[in-house]
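Since the structure comes first, as structure tokens, the remarks are kept for the end.
The values are calculated or read from the model by the stated rules, or taken from the named source; none is laboratory data. On a predicted model such as this, the values are computed, not experimentally measured, just so you know. When we count neighbours, we look across all protein chains shown, and the Cβ atoms used for this are built from the backbone with ideal geometry, even at glycine.
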Amino acid sequence: MKSKVQASSFSQWLDGRVAPFFSTNAGTAQIAFQSWRHFKEAFAPELIGQAVEETGRALGRPIQSCIDPFGGSGTTALACQFLGVRCSTIEVNPYLADLIEAKVASYDIDALIRDFSQVVKGSGRTFRNPFPHAPPTFVEPGVKGRYLFNMSAACRIRTLLDNIEAVGDHNNRRLLRVLLGAKALELSNVVVSGKGRRYKRAWQLSQANANDVVELFSGSVLQAIYEIRRYGDRPSKQYELIRGDSREMIPKAGEFDLSVFSPPYPNSFDYTDVYNVELWVCGYLKSSEANKKLRQSTLRSHVQVSRDYGGPQLSSPTLDEVKRNLRDVKNSLWDPNIPSMVEAYFCDMSVIMDRLRRIIVPSGRIFMVVGDSRYAGVDVPVSRVLQELAHTMDLSVVKEEPFRSMRTSPQQGGRPELLETLITLSRN
């Protein structure tokens, strides 16, 4: 249930597009703010509009508040501003948290242009080691001739970062740092995908230089300034960004009409790795210990870092069956901790759902996009398990909708057709 002004603003932001599916963010790079850093989101912004409409009808009044415990690139937070809805967002990854806040913050455009001009003014400085705290493979000469950045590009990135740190306005400083970080991977000699990080083909012959750094950064900032100016007058400029682990940071008090989110999937992939280059370049990480601490603060959805997989016994017949099946194929699993990780994942999700249940108003809605998994031929039907857990905590399943199918990762056998599902829950 949206006002005409809010519906118009939301539609203008989407530039009048009609998404064929809500289950993909394909094409959202053309939407303002969404191209700042490419992000493989589980849902399109239009899903937020649908969730607001459906929840408004269920409550019989306009939606006032929303919470997203897994902020990601800020799609929910940004869409809520265009819909006139107050949104609280939780994000554990400090780079993504800054990316979200950079999108939803307000700016003095003239001051932003002046600060940007100062940042790119002058020639780059030289450094013996531009990133002294980063891993040894970060900057030329690297290790055994392999490195992410040659010295020319690394020194220019360092110069820009130092100039950005001298910017007085914290909103402008955050925005410029985020946009430079967003170009770091493109300027590096590696690519990152669901298969991990690998060097680009023939990377030795096509490395970025100092001029490429300034050109890409400047283009990104100018595009961002245009979008901020064009869409600065949104129905709501309110936001709340909570930085930290959503298992601990979901508020214990307060009232929210709606929650829309997609948690990490239990697929053995550490999502922190996707943003590892940005985290080191922008200075969010300064040691391997800090990297480990961040990885241990994420949902227990992978086995790529040593951690405790303990938790309470959950009431789910489907999960019990999955645990038995995984035990039967334990010798075929590529990591012996996978059965414990899968159980721990649902313990974590149970915490998330129970905390949301306490703050969602009666008849309010929770929209979750979740993805199944498969290990050694054993299917992990995430949606079914979560629905069984919901019934144990005074949440009703309004509906479940197949969202799309995704190809499994190599660790999961590489076969297609793992389902992603949109689950809609209601607070009783």
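The rows are residues; the columns are (1) in contact with a Ser or Thr (Cβ under 8 Å, 6 or more places away or on another chain); (2) surrounded by fewer than 21 Cβ atoms within 10 Å (Cβ to Cβ).
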site	(1), (2)
252	no, yes
257	yes, no
263	yes, no
267	yes, no
278	no, no
304	yes, yes
311	no, yes
315	yes, yes
338	yes, no
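Of the strands (runs of 3 or more DSSP E) lying entirely inside the range 184-268, those carrying at least 3 residues that are over 17 Å from residue 102 (Cβ atoms) are 190-193, 196-199, 256-261. Remark: residue 246 matches the filter, which requires a residue to be at pLDDT 95 or above and surrounded by 16 or more Cβ atoms within 10 Å (Cβ to Cβ).
With the requirement that a residue be more than 17 Å from the chain's Cα centre (by Cα) and part of a loop (DSSP other than H, G, I, E, B), what does the range 168-183 give you? Within the range 168-183, 168, 169 meet the criteria. Residues in the range 49-76 that are crowded, with 24+ Cβ neighbours inside 10 Å and over 12 Å from the mean Cα position of the chain (by Cα): 51, 52, 55, 63, 66, 67. When you look at residue 353, is it part of a helix (DSSP H, G or I) and surrounded by 16 or more Cβ atoms within 10 Å (Cβ to Cβ), yes or no? So residue 353 fits the description; yes.
Looking only at residues of the range 115-155 that are more than 20 Å from residue 276 (Cα to Cα), at pLDDT 95 or above and of a type in the set (Ser, Thr, Tyr), we find that the one that is surrounded by the most Cβ atoms within 10 Å (Cβ to Cβ) is 152. Residue check: residue 370 meets all listed conditions (1) part of a strand (DSSP E or B); (2) surrounded by fewer than 16 Cβ atoms within 10 Å (Cβ to Cβ) but one, namely (2).
Does residue 332 meet the test of being closer than 25 Å to residue 270 by Cα, among the hydroxyl-bearing types (Ser, Thr, Tyr) and surrounded by fewer than 22 Cβ atoms within 10 Å (Cβ to Cβ)? Yes.
I'd like to check something: does the range 258-275 contain any residue that is within 30 Å of residue 127 (Cβ to Cβ), outside the structural domain of residue 86 (by TED's automatic domain parsing), touching a residue at least 40 places away in the same chain (Cβ under 8 Å) and not charged (D, E, K, R)? Within the range 258-275, none of the residues are within 30 Å of residue 127 (Cβ to Cβ), outside the structural domain of residue 86 (by TED's automatic domain parsing), touching a residue at least 40 places away in the same chain (Cβ under 8 Å) and not charged (D, E, K, R).
Within the range 223-237, the presence of a residue that is among the β-branched types (Val, Ile, Thr) and within 23 Å of residue 276 (Cβ to Cβ) is excluded. What's the number of the only condition in (1) on the phi < 0 side of the Ramachandran plot; (2) within 24 Å of the chain's Cα centre (by Cα); (3) modelled with pLDDT under 95 that residue 385 fails to meet? The one condition residue 385 does not meet is (3).
Taking the range 62-167 as the region of interest, the helices (runs of 4 or more DSSP H) fully inside it that hold 3 or more residues being within 30 Å of residue 362 (Cα to Cα) are 75-82, 94-104. Filtered by the rule that a residue be of a type outside the set (A, V, I, L, M) and surrounded by 16 or more Cβ atoms within 10 Å (Cβ to Cβ), the range 86-114 gives 86, 87, 88, 89, 91, 93, 94, 95, 98, 101, 103, 107.
Collect the residues in the range 145-183 that are charged (D, E, K, R) and closer than 19 Å to residue 96 by Cα, keeping them in residue-number order. Can you show your working first?
Going through the range 145-183, the residues charged (D, E, K, R) turn out to be 146, 156, 158, 162, 165, 169, 173-174, 177, 183.
The answer is 165, 173, 174, 177, 183.
Residues are listed down the side, and each one gets a yes or a no for (1) of a type in the set (Val, Ile, Thr); (2) in contact with a strand residue (DSSP E or B) (Cβ under 8 Å, 6 or more places away or on another chain):
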| position | (1), (2) |
| --- | --- |
| 215 | no, no |
| 228 | yes, no |
| 234 | no, no |
| 240 | no, yes |
| 243 | no, yes |
| 253 | no, no |
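Being of a type in the set (S, T, N, Q) and closer than 30 Å to residue 398 by Cβ is true of residue 246.
From the list 88, 117, 106, the one residue that fits, being among the hydroxyl-bearing types (Ser, Thr, Tyr) and more than 30 Å from residue 64 (Cβ to Cβ), is 117. Taking residues in the range 197-214 that are in contact (Cβ under 8 Å) with a residue 40 or more places away in the chain and among the aliphatic types (A, V, I, L, M), and partners anywhere that are in a strand (DSSP E or B) and surrounded by 11 or more Cβ atoms within 10 Å (Cβ to Cβ), the pairs with Cβ atoms closer than 8 Å and at least 6 places apart or on different chains are 208/149. Might you let me know whether the range 32-39 holds any residue that is over 27 Å from residue 299 (Cα atoms), surrounded by fewer than 24 Cβ atoms within 10 Å (Cβ to Cβ) and assigned by TED's automatic domain parsing to the domain that holds residue 294? Among the residues of the range 32-39, at least one is over 27 Å from residue 299 (Cα atoms), surrounded by fewer than 24 Cβ atoms within 10 Å (Cβ to Cβ) and assigned by TED's automatic domain parsing to the domain that holds residue 294, which makes the answer yes. In a residue-by-residue description of the range 193-201, the property of being at pLDDT 95 or above, within 25 Å of the chain's Cα centre (by Cα) and in the same structural domain as residue 113 (by TED's automatic domain parsing) applies to at least one position. The residues listed here are 283, 311; of these, the one that is touching a residue at least 12 places away in the same chain (Cβ under 8 Å), closer than 27 Å to residue 186 by Cβ and outside any helix (DSSP H, G or I) is 283.
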